[in-house]
Structure formats: structure tokens, C-alpha cells
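The values are calculated or read from the model by the stated rules, or taken from the named source; none is laboratory data. Predicted model, so just to flag it, every value in this text is computed and none were measured. Reconstructed Cβ throughout: ideal geometry from the backbone, glycine too, with neighbour counts over all protein chains shown.
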Amino acid sequence: MAICFKQLLLFMLLFPISLFAFAQGAPIVQLASGSVRGIGGVSTEAFLGIPFAAPPVGELRWASPANAKQWNGLFEATHTAASCAQLPSGDGPGSGSEDCLYLDIYRPAAARPTAKLPVMVFFHGGGNISGTPAIYDGQRMAEIAHAIVVIPAYRLGVFGLLALPELGADAGTYLLQDQLAALRWVQAEIPAFGGDSGDVTLSGESSGAMDVCGLLASPLAAGLFRQAILQSGFCLSGPSLKDAQLRSEDTARKSGCNGTDVLPCMKKKSVADLLAAGAVGLEALSGPAYGGKYLPKDAASAVREGEINKVPVLLGFNRDELWPFQHGLYPLSPVKYEQLLAERYQKSVADLKMLYPAESYPHREYAIGAMAGDSFMICPILRDARALAGSVKVSVYEFAEQGSPPFKSLGLPLPRPPGYQPGAFHTAELQYLYNYQSAEGPLSFEQRQLGDRMIRMWVSFNRETGGWPSFQGDRATVVRFGDDTVSTESSTVIKDEHHCDFWDSRAAGVPDVKTR
């Protein structure tokens, strides 16, 4: 039967991915668990929603990840999987799915199993309570850097961090265990996609970067990656197992589970009930519990003491990290501004008014955001860099591009004051690397060129051609991405710009701010 042009055009509009895969020749890869068919393309190919572990449902809720079952026939890896269970956030409308241990893979078109391409594994942000691979896209990195990009999901919030005493010594680490399972899967299966299992870069942003630091401190992660990248995240002193147990028992009480049968009660609870209880019982930025075999020591102490997996590390931050996180304060009157400074910083108010004069910012909220970003994120990252440099090769960057498309919330309305100027905000660099969907509008031609250079430098980190100076001693240098260019600056200048001498001497002055 003949198909007219209009019918064909309508079909292409309704089913673009399916037709695109058919037109380009859908790639097929043979794995140990079965064959997967992805989405073909002219320059890149994608394999979406591949299971790397069994669904953690039923009796596997709060259990170590089990191996994914084998399948017969072809597994159609053409759609991203459902996000792990989470409440609505800037990352999306929320999800009620526990069946979520899947990963997305992007590679150059027609990559052969013998290609031995570098591999980039990326862990998303979201405070370890939200986030999903579905809002990232590795195609551009795969094409520009001729690399394999892997973006896994992992259990979040109460599902990934619960540590009831009945769960044993390794409770509170299910998020980290999922990440380890994804890395082991990469070691076993990525050669079939053309990747080099001996050249894996582990990267993460925000809480994902904090998780990367946890894996630096985990003896069970030894040999699973060759280098690490931490974007806008520092090495967190997570809860001890005992503290995590106390917090988890409080979460159980909030969900209505008391007495001697707490764990069976919790396993019967609906996802919605657990998300509601976890929202107040397990705080954002709570990392995996330490004290068991997966994380014997908290990551911050392990870094300070050099008890980490010895791999090169790239750390970085955005110049105006937490500016947008203060927009809920608008309009901030002079009186309220003074009150807020006194509440957050107590005896340091006079110093801060001198270091961060409110008249230098578009609104007073931005001055508060600069203080929060410097104290809570940027200066701690620089401290981590100095500590890590005592054990491994370290490089540091600052993303300072001011005109990036602003953040776009995908799940919750966010305030935006008049004359909105986000600066180089938290997550701004992600659209240059992973086509981050929580961003308004496309990059300019010059910004895409900057992104191309960043991509090449990210993937070639730890190579002589990477262009990364060493962050070491008095001659420590920071790479700065900004004004559509790449430059270098002395770490002393960077520290002064963010007033790190002040913050380093006043650790107790760090405010209670939340990041994504």
C-alpha cells in the first residue's frame, strides 16, 4: 500500500526515535545477560534503560543490589527508565517507582568492541533525594571526545539511606552499593560497547560529587575507576552508623512503625508514605553511613588522612554557586538583611559587611548567596583539594561563565526576583557537558565552543594532552572557564576572591543552607 508524503511526515513527527533508529540502523550489542538494541544515529548511538541490577522491590527493598536477570531475545534499550522514587523537585515532577536500577549509555556511532574508548561514568546531583539520568544527555560528549558515557540511577532518600538496626552493619549504604554495582557492571560489560574498562573516569556533580568522594574512601571501589572528577561538591562527613540508625528510627516512627516489628512494617509501607516520612526524617545531603565494610571511615576524614583509593582527582566549583538559592528571601529589606546576617553569622557580621558589601550586588539576596556559596561550598572544595594533593595528583577548576542560560525547574515553581542575574550558578556547567535539561534556552555559538573544549578536557583529564596544571603547594594553579575562554589563575587569587582565609578560620560560621 502506498504511503503519501503527508502520512510519512506525520509518522516521523509522532515516532521520531523509532524511525530515527530504523533509518540509521539500530545498533545491537551482546551482553552477558542478553542482547540489547539501542538507537542509531549519524554520529552517536544511545542505549537507554539497561538494567545493571535486579529491581530492588519486595524483599529486595533495603537489600544489597542483586544481579539483573538474563533475558531471551532482544532488550529494547530505546527509552530511559523511570526515575528512582522521589518527591517533586527542580529535577522533575517526582516518581513512585522503586524499579529503577538502570543506566543509559552513549557512544560514537559504529564503535567496535575493540575500540577501547575512554569511559565517563556520571553520577547526578539532587541532594541524594532527587535526580535522574533522564535529564542528562551524553551524546555530545560521546561525539566530541570520542568516548563512552554512562549515566546510572541509584536509590535515593529513605530507599537508599535507611539504616534501621535490624538491617545490619551495612545499612544506610544502599545508594553507595548501587553505585558500586553500576561500576562493576561497567567493568564487565563496557568492552562490548567499545569502551576501555581500564580507562574509566568517575564523575559526579553536587551530591553526586560527594558520592564520588565516598567511593574514593571505599576500599570496595578499588580498581573500578582510574580517575575521579568532583563538580560542585566536597567530601562530606556523613553520619556514623549509629547516627544513621537513630535518624532512621525517627523516620520509621514518622511513618507509623513502632515496637518490635519495625522493619516488616516499613517493608509494607507504600512508596508515597515512605517518601513523606523520609522528607522530614532523612535530610538532604545525608550521605551513606560510615562504619561498615562499604565505608569504614567518613570520607572527609579519609581524605585528610590519605586513606583513599590513589587515583588522580579533578575538583571544581562555579563562581556564584548559591546565588539562586537565596531568591526565596526576596524582597530583603535592610532591616531583614541585618537580622538574617545576625542569625546566620552572629559575631562575624561586621567582617562580612566589609567583605561582601551589599551595594556591590544587584540585590541583597545575592550578597547572602555569595557568603553561602563561598563558606558552604567553594572554600571547602579548595580545602579538599589541598588535602587530596598530599596523596594524589590534583587539578582544580572554576566555572565563571556569566551569561549561561538560567536554571529551569522541571518540577517545582521557584521564585525569580526582578532583574534576575544568576551568574555562574550551581549546575550551570552541566549544560556545557551533558545538555542538562533544567536550563532555559540553548547555548550560544561561543558557549558551545567553550563546552566542546570543556568536554575534551574532562575526558582527557590525567593525560598530558588534557591541559590541566597540577594543584600543588605555593604554585597551585586553577583553570578558569569564563567569558567564552579558558585561562589560568593563581589559587591565591581565587582564595582571595572567595574570602577563604576568613571562612577557613571560622568553620563554625558556615550557615545552614541546602543544595540540590
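Among the candidates Leu352, Leu332, Leu322, the residue that is outside the structural domain of Gln177 (by TED's automatic domain parsing), in a loop (DSSP other than H, G, I, E, B), within 30 Å of Gln472 (Cα to Cα) and touching a residue at least 12 places away in the same chain (Cβ under 8 Å) is uniquely Leu322. Quick check: anything in the stretch 298-316 of a type outside the set (S, T, N, Q), outside any loop (DSSP other than H, G, I, E, B), within 24 Å of Met120 (Cα to Cα) and over 19 Å from the mean Cα position of the chain (by Cα)? Within the stretch 298-316 (the criterion being of a type outside the set (S, T, N, Q), outside any loop (DSSP other than H, G, I, E, B), within 24 Å of Met120 (Cα to Cα) and over 19 Å from the mean Cα position of the chain (by Cα)), the answer is yes, since at least one residue qualifies.
The rows are residues; the columns are (1) of a type in the set (A, V, I, L, M); (2) farther than 30 Å from Leu263 by Cα; (3) not in a loop (DSSP other than H, G, I, E, B).
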{"residue": "Glu45", "(1), (2), (3)": "no, yes, yes"}
{"residue": "Pro56", "(1), (2), (3)": "no, no, no"}
{"residue": "Pro65", "(1), (2), (3)": "no, no, no"}
{"residue": "Asn72", "(1), (2), (3)": "no, yes, no"}
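For beta carbons closer than 6 Å, sequence separation of 6+ or different chains, a first residue in the stretch 429-452 that is in contact (Cβ under 8 Å) with a residue 40 or more places away in the chain and over 17 Å from Leu414 (Cβ atoms) and a second that is hydroxyl-bearing (Ser, Thr, Tyr) and part of a loop (DSSP other than H, G, I, E, B), the qualifying pairs are Tyr434/Tyr136. When the criteria are applied in full, Pro219 meets the requirement of being surrounded by fewer than 24 Cβ atoms within 10 Å (Cβ to Cβ), in the same structural domain as Pro51 (by TED's automatic domain parsing), more than 25 Å from Pro113 (Cα to Cα) and not hydrophobic (A, V, I, L, M, F, W, C).
Output the residue which, of all residues in the stretch 454-501 that are of a type in the set (Ser, Thr, Tyr) and in a loop (DSSP other than H, G, I, E, B), is farthest from His146 (Cα to Cα).
We begin by selecting, within the stretch 454-501, every residue of a type in the set (Ser, Thr, Tyr); these are 460, 465, 470, 477, 485, 487-488, 490-492.
Okay, now just the ones that are also in a loop (DSSP other than H, G, I, E, B), so 460, 470.
On the way: Ser460: 11, Ser470: 25 Å.
Looking at the filtered set, the residue picked out is Ser470.
Could you look through the stretch 158-175, keep only residues that are among the hydrophobic types (A, V, I, L, M, F, W, C) and touching a Gly at 6+ places or on another chain (Cβ under 6 Å), and pick out the one that is nearest to Phe122 (Cα to Cα)? The qualifying residue nearest to Phe122 (Cα to Cα) is Leu175.
The rows are residues; the columns are (1) within 23 Å of Gly233 (Cα to Cα); (2) not β-branched (Val, Ile, Thr).
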{"position": "Leu87", "(1), (2)": "yes, yes"}
{"position": "Gly92", "(1), (2)": "yes, yes"}
{"position": "Gly96", "(1), (2)": "no, yes"}
{"position": "Leu101", "(1), (2)": "no, yes"}
{"position": "Ala109", "(1), (2)": "no, yes"}
{"position": "Arg112", "(1), (2)": "no, yes"}
{"position": "Ala115", "(1), (2)": "no, yes"}
{"position": "Val119", "(1), (2)": "yes, no"}
{"position": "Phe122", "(1), (2)": "yes, yes"}
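The lone criterion from (1) over 30 Å from Met371 (Cα atoms); (2) surrounded by 14 or more Cβ atoms within 10 Å (Cβ to Cβ) left unmet by Gly451 is number (1).
What about Glu429, is it within 25 Å of Arg226 (Cα to Cα) and either in contact with a Ser or Thr (Cβ under 8 Å, 6 or more places away or on another chain) or at pLDDT 95 or above (or both)? In short, yes. Being touching a strand residue (DSSP E or B) at 6+ places or on another chain (Cβ under 9 Å) and within 27 Å of Ala209 (Cβ to Cβ) is a condition met by no residue of the stretch 31-41. Contact map, the stretch 66-87: first residue farther than 18 Å from Leu31 by Cβ, second residue surrounded by 20 or more Cβ atoms within 10 Å (Cβ to Cβ) and of a type in the set (Lys, Arg), Cβ cut-off under 7 Å, separation 6 or more or different chains; pairs are Cys84/Arg155.
Which one of Pro417, Pro405 is within 26 Å of Ala134 (Cα to Cα) and assigned to a loop (DSSP other than H, G, I, E, B)?
Numbers: Pro417 fails: within 26 Å of Ala134 (Cα to Cα).
Exactly one of Pro417, Pro405 is within 26 Å of Ala134 (Cα to Cα) and assigned to a loop (DSSP other than H, G, I, E, B), namely Pro405.
Among all positions in the stretch 329-341, there is no residue which is on the phi > 0 side of the Ramachandran plot and modelled with pLDDT of 95 or more.
Among the residues of the stretch 221-260, which ones are of a type outside the set (A, V, I, L, M) and part of a helix (DSSP H, G or I)?
Start the filter on the stretch 221-260 by keeping residues that are of a type outside the set (A, V, I, L, M), which leaves 223, 225-227, 231-235, 237-240, 242-243, 245, 247-251, 253-260.
The answer is Lys242, Asp243, Gln245, Arg247, Ser248, Glu249, Asp250, Thr251, Arg253, Lys254.
Scoring Leu329 on the criteria (1) within 29 Å of the chain's Cα centre (by Cα); (2) under 20 Å from Phe317 (Cβ atoms) leaves a single failure, condition (2). Before we move on, is Leu241 more than 30 Å from Trp458 (Cα to Cα), outside the structural domain of Leu388 (by TED's automatic domain parsing), among the aliphatic types (A, V, I, L, M) and free of Cβ contacts under 8 Å to residues at least 24 places away in the same chain? Here the answer is no, as Leu241 does not meet what is asked.
Considering only residues that are hydroxyl-bearing (Ser, Thr, Tyr) and part of a loop (DSSP other than H, G, I, E, B), look in the stretch 29-43 and name the one that is nearest to Phe159 (Cα to Cα).
First, the residues of the stretch 29-43 that are hydroxyl-bearing (Ser, Thr, Tyr): 33, 35, 43.
Now restrict to residues that are part of a loop (DSSP other than H, G, I, E, B): 33, 43.
Working: Ser33: 26, Ser43: 38 Å.
Once the filter is applied, the top-ranked residue is Ser33.
Taken over the stretch 137-153, the criterion of being under 17 Å from the mean Cα position of the chain (by Cα) and surrounded by fewer than 24 Cβ atoms within 10 Å (Cβ to Cβ) is satisfied by Asp137 alone.
Yes or no, residue by residue, for (1) charged (D, E, K, R); (2) crowded, with 21+ Cβ neighbours inside 10 Å:
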| site | (1), (2) |
| --- | --- |
| Arg61 | yes, no |
| Gly73 | no, no |
| Ser83 | no, yes |
| Gly94 | no, no |
| Arg112 | yes, no |
| Met120 | no, yes |
| Gly125 | no, yes |
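Taken over the stretch 154-170, the criterion of being surrounded by fewer than 22 Cβ atoms within 10 Å (Cβ to Cβ) and at negative phi is satisfied by Leu164, Pro165, Glu166, Leu167, Ala169, Asp170.
Total residues in the stretch 390-405 satisfying the condition of being farther than 19 Å from Asp496 by Cβ and either in contact with a Leu (Cβ under 6 Å, 6 or more places away or on another chain) or touching a residue at least 60 places away in the same chain (Cβ under 8 Å) (or both): the figure is 8.
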